[in-house]
Every structure is written in structure tokens, then in C-alpha cells.
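What follows is a set of notes on a single structure, which appears directly below.
The values are calculated or read from the model by the stated rules, or taken from the named source; none is laboratory data. In this text the structure is predicted, and so the values were computed from the model without any measurement. Here the Cβ positions follow ideal geometry from the backbone for every residue, glycine too, while neighbour counts run over all protein chains shown. In case anyone asks, the SASA skips ligands and DNA or RNA and just uses the protein heavy atoms, side chains included. Shrake-Rupley method; radii C 1.70, N 1.55, O 1.52, S 1.80 Å.
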2 protein chains.
Amino acid sequence: MYSRQETVIPPVAILHFDHPPGDCHIKYGYSKGGNYYIIKVASGFPNNPSIGIPAGNGLMLLFDKTTGAPVCILLDEGYLTDLRTAAAGAIAAKYLAPKHISCIGIIGTGAQAYYQLCLLTSVTDCREVMIWGRDRSKALQFSKNPDLKSFRIEIAEDLDQLTAACNLIVTTTSSSTPLLFAQQIQKGTHITAIGADDFGKQELDAQIFKKADRIIVDSRSQCSIFGDTASALREGLIALNHMIELGSIIENPSLGRTNNDQITIADLTGVAIQDLQIAVAVIRRSLPHNNWQ
Amino acid sequence: MYSRQETVIPPVAILHFDHPPGDCHIKYGYSKGGNYYIIKVASGFPNNPSIGIPAGNGLMLLFDKTTGAPVCILLDEGYLTDLRTAAAGAIAAKYLAPKHISCIGIIGTGAQAYYQLCLLTSVTDCREVMIWGRDRSKALQFSKNPDLKSFRIEIAEDLDQLTAACNLIVTTTSSSTPLLFAQQIQKGTHITAIGADDFGKQELDAQIFKKADRIIVDSRSQCSIFGDTASALREGLIALNHMIELGSIIENPSLGRTNNDQITIADLTGVAIQDLQIAVAVIRRSLPHNNWQ
């Protein structure tokens, strides 16, 4: 719907905080043919874990598109955002990862690292995982998560080891400086970059985009403003017409990977239509007696 | 706080709808010294009354500025927005209206017409009112509202009559074309313009701004984008440095009206700090056992 221009999704509204550091993203919009509009609030306060609460929080508001009346408030504390983000990662892997996945590389050890890995099981049989995080103790903790026991999870010494072993890599950090560099990326690799969803965040060195055979984004407009692709665009390494939307790949998979040697990148910044759809899915399941559309 | 640059208030996020027509404004931000951030949702669907519900709706979300945790959700259906908008109108009249108010002119017959008039009682003893609306039957209904029985309310035949009789005029319509024109405005008049809070809305002909001795706005940045002042600015009739913020007038009233012959305009588009303050006022009153700041 989004890539067919069947939605109305204005630019993300963002608040930044200094003391303590944090941010809040408001994503909002609607599908032209639907009955609702969504306002989704997602916050990230990296110091939260030091006081025993998760960094992420948030909620979803669904409104009647014909009257403005609130339809439901989902106090999901960011869970649905985590889930729809991981779902987009799984879809990117489904369409873009090479046929044979040798090992899944996960960069970062937070909630997205967990959910991305969980939802990848719906699109690949590979259960070999290599994980890397700045904090090795968190990587160790991640590798011992009993909910992930269907995976064989190895902790990477460094990102050279991870990029050498893995041909499906998911980056899920809030890094402000590049973690992966062009010379590390093997042919036949697919990278899904999730973390850089704001100004000043970057996980992939811009040169990687020059090396990539296909650059996929969830939103051309959003990924021109922030995300890893925006850096490559600003540096003139790629042009806007190199960016193919994931929605276009779903409609025409031949726009994506055409052989197992290509390097593909999916840069996902998260679009309000995903929030709308997961909120509607929740109310449909929760209140099946209503005729939700 | 706002005019002292002690707040962080990004541009308003707006959704527009076509079938049926409507809009939704998201105002959000925080005061640097405060504990909360606000996200306020206000919608207007002009066809709602035809199905028996008010045009306006909305809610307020208050979050902890140090963790992102939701503090409270006020399902006020737009009431608090109406109230804080009327409070700003009363403050504008307090600082800018001439000493002797002969008659209060209210243009429009909706919720803001009602609340503006109600809150003006806190800043003037004048109880003479003239009202004008496109729909005379609504003006009649307004004039008979028992909650307004402390006023003597006359229905104006036209806006010439209203502008001749009234030296404190409040415009509260969602008009997209100017209703008041420069030749109608008598010396010594103060106008508070409330209605034009979005692109394409306009209540005052831009020439009025050229005639005005003082132009007051709630937000220079917002009133440069939309509101009546923005039209005058775009037409080159005024410059940005003619626009004085209401917050600056409160700190230094001599920036406002200095004699009873001046024409003053206050163009109010509504700023998120007002939403933050009224939401905090509500939780302080509702939950007095907490130490809200």
C-alpha cells in the first residue's frame, strides 16, 4: 500500500532529550482506503536499564478516520513496534537473503536483536547464529536466553569474524558511528539495517552502499532524511533512483536479488503504515465481534 | 517559558482527510526545566454534527521526560484544548484590549465562541456581546444559551454592524476566506484571531495587519507558517520583526498597547506548551497526593 502511494504518511515527528539522553518518535498516518488513522509513540531512553526498566517504551492510538474519535489505545510499551519492526526484517530476508543461509549474524544485543532473530525463523531454516555486541557480557546473556534455545548461538570475537561467517546480517544497534565497513562484506551477503532510525545514527559505512548490488529501503522519502542510506546519499555515493522500496520488491521480486553472489542491503527506518496494520491486527484479534476493516 | 526559549516545541504535525473532510493536529514538546513531555491530539471533522457528534475531538498524553514512560492519558475529547485556547484569548485581552470595552464581538458560534466568551469574564466587566455567524439560527441558539445568561447578547446583522459596535473582537471560525477587512476596523479595537490554525484558513484580510499598531502572536515560528499573520507575511505587508510574542508582552506589557486608539491584533495558533501546562494542572488537581512539578 505504501509503495503504491495508497497511504498518507507525513514525516516522522521527533523529540530529543538531553538530561538524561533520550528520544521520542511519533509516527502517524493512514491508508486512503482504510477506516482508521494511527498515531504511534515510541521512545528510547538508553539510561533506563540502569534504573531497572527497558530503554524502549511506547503506545499506539487508533482513531476513526471519518470522525476523529479514538477507537483504541494500545499500551504496549513498545512491544508492537518491536514486533512490526522484526516482521519487516523477516520480510526483507524472505525476499533478499541468498538461497542458502550459512549463518545469521546479529549485531546488537537488545530487544530488536531478539525479535529479529525470532521472526527470521518464519523465513529461513538456518539456526546457526553469530552475535556481536559492544558489551560482551550482554552478548553472552543473549546467547543463553532460553527462548532462543532452538538456535546455536556463537559470540563473535569481532565484526571481521561475524562478517566472514554470516551471509544474512541484521544490525540492530543505536550506534552513531559506522560498525560495518565495505571490505568486510563478502559477496552473497544480505544486510538488514534496523538501528539507524534518527539523525546522527549510523551502522553501515557509506562505502558499503557503493559495493551493494541492490539497495532496498522501506521508505524512499524517510531513508533520504535519516537512516544509513541517507549518509550514502549525502556523500553522493548513491542516487535516489538506486533506492528500491521493500513494497516494490514484494510486488515485483525480480527487482531484488537475482543471484546468490549479489550484495543486498535493506535499510529499514519504520513507517507508520506498519504501526497502523499491526494495531488493526490486534483489535481484530481482540474484539472479533466487531467488523474491523 | 516559550518566549524565553525555555521550551522545545517542534513544528505541529498535521494529517488532512478528504472523505469526509477533517484534520488532526498533533502538538508536542516540553519545557526544559519540567518533568514531562506532552503529545496532544486534536481533530476537527466539520461534518460530525450532521451525525450528532461534536466536530472537535482529542486527547492528551503526558510522558515522563526522564524515561519515556506514560504518566497519564486525558481522554478529554478536546475540552482541555478548548479551555487552554480560551485562556490564551483571555490573556491576550487582558494585556491588549483597550481600557474601556464597549461591547465584545464574537465571530463564529461554535465551541471556541462559547469558551472565549466565558473566560473573558475573568479579565473584563463588559457583558455586552454582539455575535455573528454564517448560520443565523446558530447565532440565535448561542444567544439563548442559559450558561451565558450573565451576558446581553445581540445578533449582528452583518460584520459592519459588529465591527462598528465592538472594540474587543474574537474570531473563532474555520473560515478559509477573510471575514474581516481593514476598512471595518475602528481605531482602538483589539482583535484576537483564534480560528486560522492550519494552512488554507484565514479570518482576517491581510491588509488589516498593515493597519494594526501592534501584531501579537503566540509563536513567531508557528505564525510564520500558518494563521492569519502568515498571509500578511507572505504578501509582504508585515515583517517577522513586527510580530511580538504574547509571552514577551506578559514579561513586558509596554511592548503591547500604549494608548486607547491603537489597533492591536493577537493571532493565536495554539502552542504545545499550553497543552503541557493544562495537562499538568489537571493531574495536580486530580492527584494531589503526588508531588507533580
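Below, the figures for the structure above:
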{"item": "Residues whose placed amide H lies under 5 Å from that of A:Q262, excluding near-sequence neighbours", "result": "A:G188"}
{"item": "Cα-Cα pairs of chain B separated by more than 33 Å (percent)", "result": "20 percent"}
{"item": "Length-normalised contact order for chain A - Cα pairs under 8 Å, 6+ apart - percent", "result": "17 percent"}
{"item": "Axial C-alpha extent at least 15 Å, average Kyte-Doolittle at least 0.0 - helices from chain A (DSSP)", "result": "A:79-96, A:272-286"}
{"item": "Mean separation of Cα contacts under 8 Å, 6 or more apart, over the residue count of the range B:1-147: relative contact order %", "result": "13 percent"}
{"item": "Cα gyration tensor of the range B:1-137 - equivalent ellipsoid semi-axes, whole Å, descending", "result": "29, 23, 12"}
{"item": "Nearest residue to the symmetry axis between A and B, taken on chain A by its Cβ, in whole Å", "result": "A:A13, 2"}
{"item": "Net length gained if the chain between B:I53 and B:D147 were fully extended (0.36 nm per residue, minus Cα distance)", "result": "31.8 nm"}
{"item": "Alpha carbon convex hull of the range A:100-158, volume per residue in cubic angstrom", "result": "72 Å³"}
{"item": "Solution diffusion estimate, µm²/s, Stokes-Einstein, the protein assembly as shown, Kirkwood Rh from C-alpha pairs, 10 °C, viscosity 1.306 mPa s", "result": "61 µm²/s"}
{"item": "Estimated dipole of chain A in Debye, rounded to 20 [Cβ of Lys and Arg +1, of Asp and Glu -1, Cα centre]", "result": "580 debye"}
{"item": "Percent carbon-and-sulfur accessible area, the range A:1-46, ignoring ligands, DNA and RNA, probe 1.4 Å", "result": "52 percent"}
{"item": "Those aspartates and glutamates that a straight Cα-Cα span of less than 18 Å connects to A:K210, excepting residues fewer than 8 apart in one chain", "result": "A:D228, A:E235, A:E245, A:D261, A:D267"}
{"item": "Cα-centre dipole for the range A:128-251 with unit charges at Cβ (Lys and Arg positive, Asp and Glu negative), debye to 20", "result": "120 debye"}
{"item": "Residues whose placed amide H lies under 5 Å from that of B:I104, excluding near-sequence neighbours", "result": "B:E128, B:V129, B:M130"}
{"item": "Proximal aspartates and glutamates relative to A:K149, as straight alpha-carbon distance under 16 Å, when same-chain residues fewer than 8 apart are discounted", "result": "A:D125, A:E128"}
{"item": "Spin-label pair A:S286/A:K32, simplified geometry with 7 Å Cα→Cβ offset, distance in nm", "result": "3.0 nm"}
{"item": "For q = 0.09, 0.18, 0.21 Å⁻¹, Debye-computed log10 I/I(0) when each Cα of the range A:156-293 counts as one equal scatterer", "result": "-0.31, -0.97, -1.23"}
{"item": "Cross-link reach list, lysines versus B:K94, counting only Cα pairs under 19 Å and skipping chain neighbours closer than eight places", "result": "B:K187"}
{"item": "Backbone HN-Hα couplings from phi across the range B:149-158 [Karplus 6.51/-1.76/1.60, Hz, Gly and Pro as x]", "result": "5, 6, 9, 9, 10, 10, 8, 6, 5, 7"}
{"item": "Solvent-accessible area buried by B and A, counting both chains, probe 1.4 angstrom, square angstrom", "result": "2600 Å²"}
{"item": "Those GluC sites (Glu not before Pro) in the range A:115-164 that DSSP places in a loop and that have at most 16 other beta carbons within 10 Å", "result": "A:E157"}
{"item": "Pairwise FRET efficiency - A:R234 versus B:A164, Cβ, R0 = 51 Å, nearest 0.05", "result": "0.30"}
{"item": "Area of B:R152 that stays accessible when all protein chains are in place (1.4 Å probe, Å², to 10)", "result": "140 Å²"}
{"item": "Label-point separation in nm, A:E157 to B:K138, each point 7 Å along Cα→Cβ", "result": "7.5 nm"}
{"item": "Inter-label distance, nm, simple model (7 Å from Cα along the C-beta direction), A:R220/B:F181", "result": "4.7 nm"}
{"item": "For chain A, accessible area per residue (1.4 Å probe, heavy atoms of protein chains only), Å²", "result": "43 Å²"}
